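Worksheet for the structure shown next.
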Amino acid sequence: MPTHAILGATGSTGAATLHYLLETQPEDLRINIFVRNKAKLLSAFPQLEKITSPEIHIYVAPITDRETLTECLHGAEVIYNCIAGNRSKRGMDIAQQGAAGIIDALKRLKTEDLEEPPTVLVNRTMFYNETIDNDMSGFQRKIAEFLLHFPYTDIKKAELLYRHEAEQPKPIFSFILMDGPGLHDSVSMERTGHKLVLTHEKVGKELNYADFGAAWVEAASRKKELRNREVAVGSTGKVRTEYSVLLGYLWQGLLAHIIPW
């Protein structure tokens, strides 16, 4: 029975990925779900207490609990690391904690001895993807880099951790960097269409969370092709925009620069 692990299933990206997995994947799949708050998970997915197929296992702990995380990742062929932070604050390290935890757990599990080590899908950002055209001017990039400096720095440092381990002579995993644009509509799970972009192609600035979740599962199904690559995700349908949410994150980023605590 194949095993997929989702880390951060109560966040918007993790919830969208889990929703798509439950809707589309074969019944013989085992899904290990790692969350901090089980009640929040079951409030969003009450069916998890009743379904027997796919097989569901829930692990409750902070990402710093290496023992529980190791148990969750045991036997996983695909790991969806949806843990990331949108709210800017100085010293952010949630992405780095997630990367360090996964790396430590996979070292404990000695996955380098496997014929095919697991694939870790990582929540990055299209901001760092230089293989596509994201239609962002130099001025816009500077503004975004300034306002989102703290979460972007956290993401970039986490990426370096993944790359360092994946480049070892006997790597314990491969990775896929999932690069989304501005994400909208964390409530509706109605998909309107997505595309994975690997070459220099114009990609829009917006995407629905539901489509981003579907893109993660598609990338996992193409893991051999996408090994250790960065994958931009674009929309092919109508995006249900929520600019107030994005503006809120930008405002928080500005405050994080102004207020030194």
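The values are calculated or read from the model by the stated rules, or taken from the named source; none is laboratory data. Just so it is clear, the structure is predicted and the values come from calculations on it, not from any experiment. Here the Cβ positions follow ideal geometry from the backbone for every residue, glycine too, while neighbour counts run over all protein chains shown.
Yes or no, residue by residue, for (1) under 19 Å from the mean Cα position of the chain (by Cα); (2) closer than 23 Å to ALA105 by Cα; (3) modelled with pLDDT under 95:
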residue	(1), (2), (3)
ILE6	yes, yes, no
GLY11	yes, yes, yes
THR17	yes, yes, no
GLU23	yes, no, yes
VAL35	yes, yes, no
SER43	no, no, no
ILE63	yes, yes, yes
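Filtering ALA5, ALA84, ALA15, ALA100 for residues that are assigned to a helix (DSSP H, G or I) and either free of Cβ contacts under 8 Å to residues at least 24 places away in the same chain or under 19 Å from TYR162 (Cα atoms) (or both) leaves a single hit, ALA100.
When the residues of the stretch 71-108 are filtered to those that are at pLDDT 95 or above and of a type in the set (Asp, Glu), which remaining residue is surrounded by the fewest Cβ atoms within 10 Å (Cβ to Cβ)? Step by step, filter the stretch 71-108, then rank; the result is ASP104. I'm trying to understand the selection: among the residues of the stretch 169-180, which are within 24 Å of GLU130 (Cα to Cα) and out of contact with any Ser or Thr (no Cβ under 8 Å at 6 or more places or on another chain)? Selection gives LEU177, MET178. Please verify whether THR24 is of a type outside the set (A, V, I, L, M, F, W, C), under 23 Å from THR192 (Cα atoms) and crowded, with 20+ Cβ neighbours inside 10 Å, treating the condition exactly as stated. So THR24 does not fit the description; no. Looking at the stretch 183-230, which of the residues that are over 22 Å from TYR243 (Cα atoms) and touching an Asp or Glu at 6+ places or on another chain (Cβ under 8 Å) is surrounded by the fewest Cβ atoms within 10 Å (Cβ to Cβ)? Checking each candidate, the answer is HIS200. Within 15 Å of the chain's Cα centre (by Cα), of a type in the set (Val, Ile, Thr) and closer than 22 Å to LEU207 by Cα: is that true of ILE143 in this structure? Judged against the criteria, ILE143 is not a match. Residues that are aliphatic (A, V, I, L, M) and under 20 Å from ASP93 (Cβ atoms) within the stretch 153-177 comprise ILE155, ALA158, LEU160, LEU161, LEU177, listed in sequence order. Contact map, the stretch 228-241: residues that are under 20 Å from ASN123 (Cα atoms) and touching a residue at least 40 places away in the same chain (Cβ under 8 Å) paired with residues that are among the hydroxyl-bearing types (Ser, Thr, Tyr) and in a strand (DSSP E or B), Cβ distance under 9 Å, separation 6+ or inter-chain. Pairs shown: ASN228/SER174. Filtering the stretch 151-173 down to residues that are part of a helix (DSSP H, G or I) and among the hydrophobic types (A, V, I, L, M, F, W, C), which residue is farthest from GLY253 (Cα to Cα)? Selected residue: ALA166. In the stretch 109-150, of all residues being in a helix (DSSP H, G or I) and of a type in the set (S, T, N, Q), the one that is surrounded by the most Cβ atoms within 10 Å (Cβ to Cβ) corresponds to THR111. Filtered by the rule that a residue be of a type outside the set (D, E, K, R), under 12 Å from ASN123 (Cβ atoms) and at pLDDT 95 or above, the stretch 144-168 gives ALA158, TYR162. Being surrounded by fewer than 22 Cβ atoms within 10 Å (Cβ to Cβ) and either basic (Lys, Arg) or touching a residue at least 24 places away in the same chain (Cβ under 8 Å) (or both) is true of PRO171. Only residues that are within 10 Å of the chain's Cα centre (by Cα) and in a strand (DSSP E or B) were counted in the stretch 177-190, giving 3.
Summed over the stretch 3-52, residues that are out of contact with any strand residue (DSSP E or B) (no Cβ under 8 Å at 6 or more places or on another chain) and small (Gly, Ala, Ser) total 6. Within the stretch 149-162, can you find the residues that are within 15 Å of ALA100 (Cα to Cα) and touching a residue at least 24 places away in the same chain (Cβ under 8 Å)? Once the filter is applied, which keeps residues that are within 15 Å of ALA100 (Cα to Cα) and touching a residue at least 24 places away in the same chain (Cβ under 8 Å), the stretch 149-162 yields ASP154, ILE155, LYS156, LYS157, ALA158, GLU159, LEU161, TYR162.
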